[in-house]
Amino acid sequence: MKKIINIILPLLAIGVVAFFSYQAYKSASELEKVNKEYYETQSDIGKLVEIRFKSILKSISFGALDEDEEQIKLQHLKAQKIVLEEQAKKDIINLAIAVGASLLLFFILSLDAYALMLASISLITLIFGVITPILMIVIHKDIKYLGDVVLSFESKTIISTISHLYHNGNYPIALVILLFSVIVPLLKSLSMLLIVIWKEFKIAQTLVKFFKHLGKWSMIDVFVVSLLLVYLSAGSSENSYSQIQNGTYIFLMYVIVSIITSIVVDRVLKKSSSQHA
């Protein structure tokens, strides 16, 4: 019975986390598309003038004129935006609950099964963390007669941020973020999986020690703090609006799970060593 539990529960937890990670990614990506279309419409001066002019004509005609198609489209996009924002929040809460519940399986599963499950969840949250939008920034200005005009709209993932830095000639920064926020975490998560599976091999202990030392220089904490500073500085201006997206929360979940995974895997290796002594 214990053996069945150690197989079924980890697989179920991994499946649930993978499902909600995908849902969080999907809703964030759909929100990004709607936001882009919505804010691009608000940045088109020609369309805004046309919408404003037709709105005035409709007021003068006491509603005799039909509502402008562009205005209807803008209202529809705004409604979609609100719905998707709520859905994105629900999805990330569901994912957080799934990850939290998985961590509590420590009291039920064997140490090996728990370590294998955490290593898998760590890999899943990392992958979705780097491809899901992490931050949206909107620069806008209230212009007389036109209303709120969007001057700039940006929505970034970790991968797109690296690509943006690279194409703008910031090669060292792009390389550092790629190395310490993508490559090293990916290698670490994959190594944790392999270590648990082949814990009998001497190289497993060496890999754990290596990634423990490397983790001190991984700059994950620096990345998260920098992201929050960008968010706070952007949000401090009356002409800018910023919003943290699902990717940030998924990435933070990866950081937490990764730390716990390292501790658990280390305990698995110590247990294995004492059994073979």
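The values are calculated or read from the model by the stated rules, or taken from the named source; none is laboratory data. Quick caveat, the model's predicted, so the values are computed rather than measured. Note: ideal-geometry Cβ built from the backbone for every residue, glycine included; neighbour counts use all protein chains shown.
Identify the single condition in (1) at pLDDT 75 or above; (2) touching a helix residue (DSSP H, G or I) at 6+ places or on another chain (Cβ under 7 Å); (3) closer than 28 Å to Tyr22 by Cα; (4) not small (Gly, Ala, Ser) that Asp266 does not satisfy, given that it satisfies every other one.
It fails just one condition, (3).
For (1) assigned to a helix (DSSP H, G or I); (2) among the aromatic types (Phe, Trp, Tyr); (3) at pLDDT below 80; (4) touching an Asp or Glu at 6+ places or on another chain (Cβ under 9 Å), each residue gets a yes or a no:
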residue	(1), (2), (3), (4)
Ser152	no, no, yes, no
Ser155	no, no, no, yes
Ser160	yes, no, no, no
Gly169	no, no, no, no
Pro172	yes, no, no, no
Ser191	yes, no, no, no
Ile203	yes, no, yes, no
Val222	yes, no, yes, no
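From the residues in the range 80-110 that are acidic (Asp, Glu) and in contact (Cβ under 8 Å) with a residue 12 or more places away in the chain, which one is surrounded by the most Cβ atoms within 10 Å (Cβ to Cβ)?
Filtering first and then ranking leaves Asp91.
How many residues are at pLDDT below 60 and under 16 Å from Val182 (Cβ atoms) if we restrict to the range 229-257?
The total comes to 0.
Tell me whether the range 127-149 contains one or more residues that are on the phi < 0 side of the Ramachandran plot, charged (D, E, K, R), modelled with pLDDT of 85 or more and not in a strand (DSSP E or B).
For the range 127-149, residues on the phi < 0 side of the Ramachandran plot, charged (D, E, K, R), modelled with pLDDT of 85 or more and not in a strand (DSSP E or B): absent.
Where the second residue is surrounded by fewer than 17 Cβ atoms within 10 Å (Cβ to Cβ) and of a type in the set (D, E, K, R) and the first is farther than 11 Å from Met192 by Cα and free of Cβ contacts under 8 Å to residues at least 60 places away in the same chain and lies in the range 250-263, which pairs have Cβ atoms under 8 Å and are six or more apart or on separate chains?
Qualifying pairs under 8 Å: Val255/Asp221.
Being farther than 24 Å from Ile14 by Cα, in contact (Cβ under 8 Å) with a residue 24 or more places away in the chain and surrounded by 14 or more Cβ atoms within 10 Å (Cβ to Cβ) is the filter here, so list the residues in the range 162-203 that pass it.
Once the filter is applied, which keeps residues that are farther than 24 Å from Ile14 by Cα, in contact (Cβ under 8 Å) with a residue 24 or more places away in the chain and surrounded by 14 or more Cβ atoms within 10 Å (Cβ to Cβ), the range 162-203 yields Val176, Ile177, Phe180.
Residues are listed down the side, and each one gets a yes or a no for (1) assigned to a helix (DSSP H, G or I); (2) within 20 Å of the chain's Cα centre (by Cα); (3) among the charged types (D, E, K, R):
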| position | (1), (2), (3) |
| --- | --- |
| Ile72 | yes, no, no |
| Lys78 | yes, no, yes |
| Glu86 | yes, yes, yes |
| Ala98 | yes, yes, no |
| Ala113 | yes, no, no |
| Ala119 | yes, yes, no |
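Confirm whether His213 is exposed (fewer than 13 other Cβ atoms within 10 Å of the Cβ), modelled with pLDDT under 60 and not aliphatic (A, V, I, L, M).
no
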